[in-house]
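> This is the structure I want to talk about, given as structure tokens.
The values are calculated or read from the model by the stated rules, or taken from the named source; none is laboratory data. Note that the coordinates shown come from a computational prediction; the quantities given were computed from them, not determined experimentally. FYI the Cβ positions are ideal-geometry reconstructions off the backbone, even for glycines, and counts take in every protein chain you see. The area values use the complete protein model at the heavy-atom level, side chains included, leaving out ligands, DNA and RNA. Shrake-Rupley method; radii C 1.70, N 1.55, O 1.52, S 1.80 Å.
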Amino acid sequence: MVVEDDEGHVALIRRALRGHPYDVRFVSTLAEAEAQRAEVQLVVVDWRLPDGHGTDLLADDHRPLPVVIMTSHGDEHVAVEAMKKGALDYVVKSDAMLTEFDRVIERSLRAWRNIDQRHQAELALSTSEARWRSMVESSPDVILLTDPEGRVVFNNRELHGAETSAVGQPLARVFGADARPALEAAMDRLRRGETIESFTVQLGANESGQHHELRLAPVAAPEGGLVVSASNITSRHQAERERVALEQQLQQAQRLETIGTLAGGVAHDFNNILQAILGFTQLAMSGFDETPATRGVRRDLQSVVDAAQRGRELVMQILAFSRHQAQELRPVRAVDVVDEALRLVRVSAPLEVVIDVEHDDPELRLQADTTQLHQVIVNLCTNAVQAMTTGGRLTVRTDVGPVPDETRASHELEDGDYARIRIEDSGSGMDAATLDRIFEPFFTTKPSGSGTGLGLAVVHGIVRGHGGAIRVESELGRGTAFTVYLPRLAPKKASRPSLPQVGGGSGEHVLFVDDEPMVVRVAQEMLARFGYRVTTFRSPVDALMHFKADPSAFDAVVTDLSMPAMNGVDFAAELHATRSDVPILLTTGYAARVKAGGNGVRRVLVKPYDIQQLSSALREVLSE
């Protein structure tokens, strides 16, 4: 590009370049040149222009560009100054331009190519150095270089706990005594000119409990020396400890799984027994009119019903504690959850521990997974009991109140009142160092083999999963208090539940199948008393043959889940395949093991059920 405002000189330059293979564009102002500078490889510019001087194109804030300055006679000093500023060459406007101009351009382009190559090499070197430095500086390892005498000449970061730079120090002194013999031996071999191979040295824990591993290799350069990287392998040691703890946890889980399997079988049989007790007792109660003479008998029979229902709740609770299940949030009363959990705690607590319970609001309600909340309370109370080795007092209190500002901020909770469950003991307490780590997985203060250190970590996870927070206060010798904060539900006005009025049958024909004789008998009497016609079987195979003989004869089917020869789900599938519209009610002694919705199963009723529950469930499936 030629920047010239004099038409005569433009014509002269055109003549000078005639016959040369250049793509030349002509402009007359600096503004035009600035706009097009990115599109050309060389600029020949007049020093004096209407809108400035040609040297303006050499400003530092522009892309590097080869520039040749044109001057008039007498202005050679201007050209010299322009070259000091970065111009490649200059040419004097005269008739001699016809012979010199093309040579100036060739010389300038050649010079610029050399400059550009040197610039690219410098840029590549700078980029390589920056990349190397970035890699070294961002490495999590400490990296050091030594000279042949073993003195540190570079390190990317200070060693853990070091107060001064390692540069200038002998390598053997930088690390602890564990590494000194190996490092001194390596440096002696280097000084003697011997070749050494890469090797590794593991260091024991330093004062802060950190473990490091050193890797040493000779520098691949004439000056020699060593390159040393120190990796923090504390996490590897921690992982090994965690592996051992996980193995213990796995063994515990396997034991729990075995217990859960056993509990499931026992629960099935026990629920069948409770079913008979509950059913026959209610049938007996229904045979008495409410008179002064029968009031005592009815009261005693009601006690039997209450005991059977309490047995049902205990079985379901044991099953819940012995199996893993997904979180299921539902409205619950805090008093119910706490009291249920404390029943389990009291069984194992020594007599020297006094347990007090205080409920500020008996109707305080939460949205919670009952099983998980049981686990939180039992775990915290068990830890509290274990902390009172010589006896003491355990106080559990429920109320409503705000979350302290620091706890609310650390758990990112909204402002407002929360349901609070406070568990306080008069035990040995904890120091500040222990308090800082109690929620860490695998951290435990118990003797080896006495705990996995997972209890409080699980508690913390459950509380956070409920959208709550947990706060601990403790002091050595003065006990510990855990406060669990959980979102509360709006208060619900308490009302005394009335006995539901359940509609009976109108002669509908029900097929009832259960392998337990007492359950079959009590169900037959229950359903008959409510106005149903009942056909019973103890074998699902026989029942299926009878059903297939006349599928339209039955209005509904009630079947147990666990039976010999064929389980209730498969039995329901066969019924559904024979007649897809038959309503099926599935009963089970395994709490919440199956769900309705497939193979015609419209409801699942957990044993032991009472008269009202059976009739209500049957009425619902018949009405759909």
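> Could you give the length gained by full extension between T578 and D417, i.e. 0.36 nm per residue of separation minus their alpha carbon distance, to one decimal place?
The span from T578 to D417 would gain 52.3 nm if fully extended.
> Need one word for the stretch 325-399: rounded, prolate or oblate. Basis is the Cα gyration tensor (sqrt eigenvalues a ≥ b ≥ c); a/c below 1.5 gives rounded, then a/b vs b/c decides.
oblate
> Report the extension gain between S138 and E81 in nm, rounded to one decimal, defined as 0.36 nm multiplied by the number of residues separating them, less their alpha carbon distance.
Answer, rounded to one decimal: 16.0 nm.
> Starting with the highest mean, order 338-346, 120-128, 301-309 by the number of other Cβ atoms within 10 Å, averaged over the residues of each peptide.
Ranking the peptides 338-346, 120-128, 301-309 by packing returns 338-346, 301-309, 120-128.
> Still on this structure, please answer the following. Taking the Cβ of N271 as the center, what net charge do the other residues with Cβ under 11 Å away carry, scoring Lys and Arg +1 and Asp and Glu -1?
Its environment carries a net charge of -1.
> For K84, list the aspartates and glutamates whose Cα falls under 16 Å from its own Cα; do not include residues on the same chain fewer than 8 positions away.
Here the aspartates and glutamates satisfying the reach criterion relative to K84 are D56, D60, D75, E76.
> Compare the peptides 41-52, 364-375 by average per-residue count of other Cβ atoms within 10 angstrom and give them in order, highest first.
Peptide ranking by packing, descending: 364-375, 41-52.
> Further question: For A419, what is the net charge nearby, where nearby means another residue's Cβ is under 12 Å from its Cβ and Lys, Arg count +1, Asp, Glu -1?
Result for the neighbourhood of A419: +1.
> What's the extension gain from L329 to M545 if we count 0.36 nm per residue and subtract their Cα-Cα distance?
73.5 nm
> May I ask for the net charge around A469, where only other residues with Cβ less than 15 Å from the Cβ of A469 are counted and Lys, Arg are +1 while Asp, Glu are -1?
Here the charged neighbours net out to -1.
> Let me ask something else. Pull up all non-local amide H partners of V353: gap of 5 or more, or a different chain, and H-to-H distance under 5 Å with H placed in the peptide plane.
Placed amide hydrogens put G392 under 5 Å from V353.
> Cβ neighbours within 10 Å, averaged per peptide: list 329-335, 556-562, 600-606, 418-424 in order, most packed at the top.
By packing density, highest mean first, the sequence is 556-562, 418-424, 600-606, 329-335.
> Then there is this: Sequence-distant or interchain residues sharing an amide H contact under 5 Å with Q169, placed H: which?
V152
> Oh, and also: Where the accessible area of the stretch 523-624 is counted over protein heavy atoms with a 1.4 Å probe, how much of it, in %, is carbon and sulfur?
Whole-percent figure for carbon plus sulfur exposure: 48.
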